[in-house]
1. So who's got an amide H within less than 5 Å of the one on G49, skipping anything under 5 residues away but keeping other chains? H placed 1.01 Å off N, in plane.
2. Would you mind ranking M251, M169 so that the residue whose beta carbon has the fewest other beta carbons within 10 Å leads the list?
3. With the cut-off at 21 Å, tell me which of the pairs K273/K425; K240/K295; K344/K397; K248/K425 have Cα atoms farther apart than that.
4. Kindly provide the Kirkwood hydrodynamic radius of the range 230-314 in Å, to one decimal, from all pairs of distinct alpha carbon atoms.
5. Quick one, can you get me the convex hull of the C-alpha atoms of the range 224-365 expressed as volume per residue in Å³?
6. What are the ³J(HN,Hα) values, in whole Hz, obtained from phi via the Karplus relation 6.51 cos²θ - 1.76 cosθ + 1.60 with θ = phi - 60°, for each residue of the range 89-104 in sequence order, with x given for Gly and Pro?
7. In the range 319-422, what trypsin sites (Lys or Arg not before Pro) fall in a loop by DSSP, with at most 11 other Cβ atoms inside 10 Å?
8. So for V388, V408, fewest C-beta neighbours within 10 Å to most, what's the order?
Amino acid sequence: MALLLSSVKHVLRPLTSRQDITKSCIEGHRETLASGYTIEVKCNIYRQGITYDEVSSYDECAAICESLDIDVCSYHPPSRRCVVASLHGRDIPRDGVYYITKVTEDDTEDVDSFDHGNPFEEAPAQERDDCLRRIARLEAELDQCRSTASPSTPLCGVQGIAIHGRIDMIKVSGVDACKTICLANPACQAYSASDDPGDWCYIFDRPHGGVTTSYYHYLHTHNNMSASDSVVYHYLAIGKLGRGEVVKLFMIDAGIKFEERLYARDATWPETKEKLKKQGLTRNGQLPSVEYKGKVLTGHVPILRYLSRELGAYDGTTNDDKYLVDLVSDIYVDWRVQWVANLKGLNPDYKEKDAPPYYELLGQYYAEREGPYLLGHTVSYADFAVYVSLDNDIRTKTLPEILPESIVKFRNAFEARPNIAEYVKQG
């Protein structure tokens, strides 16, 4: 039987345990819970996110949202499931679901000041619709604020020249020409130029982070927003084998748009590796690495953990969840060492002695909860690592003939995930 997040429910059940408002959802209904948390309900829609089982009522679901500081959750009475919205979750129609939204203090004051005594003179339905649109707009703005860190310095058009990281200087005919040079250079993070014909264009390998105007007051510095905002995935051109595939599959599933740059693993690799190190894309010459929001992320499992925290998903909600996901990802890392040794011919007994115990151990963890994934019905970043280990063993013909039932169930469910089903079919 699945772990039902007992520690969370133990704390939240005393807050409220009464029945739902009515058997029928009432669009726009507002209510203040015992904790002082005010909610508004919409009907027959839910937002994608993390599922909690065995939740007794819509207001207990709202209390879970309150405890996690999440503004939107959804409750389905027949299945007793509560879905806590993810940052990038989509709203999906579903009959019988309560869509629960936190009401801000300002929204509450607006409702209290409304003259309920003269409904014919006012337009209650219109007022409610306007309020719901306002809530949706504010939620969108909040999501934008959460996903975009405010820069400590201006990014564009700052007077002066950048202080650190100059890698090139070229004579050009103006700012636009300098910008074109920067965009064509993968290492360029900022550029300084003026509009005077024949002036210098300065190229930098890091965002400007401050400028000096003492001797360069006629120049203006711009960050390369294309480089800062885009996501670039760097890996070897070895098909779907190896560590990088775990990261790529994760980003596809999460809907992260990225540019893919693959490098040949041939006689040119030593030279390519040194170039990547000089560009700051790897420190030890190993890939994958991911350029993300102006940062360079390395180490495939640390990349998964970082992106999971950025998205507010894929690593569970409780301490027990996070422990389990970290544990299985570490088991996968140990497996990867043996798999690589076999690929290099250093572990000829891998298929008989190493692979079977690995999958048997995974099968025990996957069998502990209901649902196909490690955390039950919720996918985690460890699932991507485990799936790629299955796929890699298939490609190297080292997969055991018999797998635990829980692992077979997981593989089938994973390959049916909407964002990656087509990619998996490509073989």
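1. S86
2. Numbers: M251 21, M169 12.
With the sparsest Cβ surroundings first, the list reads M169, M251.
3. Numbers: K273/K425 32 Å; K240/K295 25 Å; K344/K397 14 Å; K248/K425 15 Å.
Pairs exceeding the cut-off: K273/K425; K240/K295.
4. With all distinct Cα pairs of the range 230-314 included, I get 13.1 Å.
5. Per-residue hull volume (Cα only) is 125 Å³.
6. Each residue of the range 89-104 in turn: x, 9, 7, 10, x, 7, 4, x, 9, 8, 9, 10, 10, 5, 9, 6 Hz.
7. Values: sites: K322, R336, K344, K351, K353, R369, R395, K397, K409, R411; in loops: K344, R369, K397.
Hits after loop and neighbour filter: K344, K397.
8. Numbers: V388 24, V408 15.
Exposure proxy ranking, most exposed first: V408, V388.
Every number here is computed from the coordinates shown, using simple stated rules; none is lab data. Predicted model only: the values in this text are computed from it and were never measured. Cβ: placed from backbone, ideal geometry, glycine included. Neighbour counts: every protein chain shown.
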